[in-house]
Amino acid sequence: ARADEGALQLLAAIDARSDRYDEAIASYKMIPPDNQYYLEAQRRAADLMEDNDDIKGALAHLEMLAQDHNDVDSLIKIGDIYRRQEDFAKAVQVY
């Protein structure tokens, strides 16, 4: 199964570079939580959601990672999204 997960990561990266955001996000989301690259892959999926103007989806995905996996990096990314959206009050609150 690990080789399949590596293939998913590679496919997602190729799709992302080709601006096939939906396909890349779907591939990243298929990587299971027990994979060592799970959090990184899920953060990349959130980055692609933001790049594709799905701000709400990106925030929801990162909030899930922060809550379910105690992922501090996801909290930082949430603050960064709010900052880029110029919602500085929310950014400060998250940081």
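Based on protein heavy atoms only, the chain ends up with 61 Å² per residue of surface accessible to a 1.4 Å probe.
Each residue of region 88-93 in turn: what ³J(HN,Hα) in whole Hz from Karplus with 6.51, -1.76, 1.60 and θ = phi - 60°, glycine and Pro shown as x? Values, residue by residue: 5, 4, 5, 4, 4, 4 Hz.
Neighbours of residue 10 by Cβ distance under 12 Å: Lys/Arg scored +1, Asp/Glu scored -1, total -2. Taking a ≥ b ≥ c as the square roots of the eigenvalues of the alpha-carbon gyration tensor, the chain is classed oblate because a/c is 1.5 or more while a/b is no larger than b/c. Think of each Lys and Arg Cβ as +1 and each Asp and Glu Cβ as -1; about the Cα centre, that makes the dipole of the chain roughly 140 debye. With θ taken as phi - 60° and the Karplus curve 6.51 cos²θ - 1.76 cosθ + 1.60 applied, the whole-hertz 3J(HN,Hα) list for region 71-80 is 8, 5, 4, 5, 4, 4, 5, 4, x, 5 Hz, x standing for glycine and proline. By accessible area, using a 1.4 Å probe on protein heavy atoms only, the chain has 49% of its surface on carbon and sulfur. Look at the Cα gyration tensor of region 1-56: its axes a ≥ b ≥ c give a/c of at least 1.5 with a/b at or below b/c, and that counts as oblate.
Take every pair of alpha-carbon atoms less than 8 Å apart whose residues are at least six positions apart; their mean separation over the length of region 1-72 yields a relative contact order of 23 percent. Backbone N atoms of region 15-40 closer than 13 Å to the 7 Å Cα→Cβ label point of residue 67 are not found in any residue.
Each residue of region 16-22 was assigned a 3J(HN,Hα) from its phi angle through the Karplus expression (A = 6.51, B = -1.76, C = 1.60, θ = phi - 60°), giving 4, 5, 9, 6, 9, 4, 4 Hz with x at Gly and Pro. Candidate cross-link partners of residue 29 among the lysines, defined by an alpha-carbon separation under 26 Å and a same-chain spacing of 8 or more, comprise 56, 77.
The values are calculated or read from the model by the stated rules, or taken from the named source; none is laboratory data. Keep in mind it's a predicted model, so treat the numbers as computed, not measured. All Cβ positions, even for glycine, are placed from backbone atoms using ideal geometry, and neighbour counts span all protein chains on display. Please note that ligands, DNA and RNA were not included when accessible areas were found on the heavy atoms of the full protein model with its side chains. Shrake-Rupley method; radii C 1.70, N 1.55, O 1.52, S 1.80 Å.
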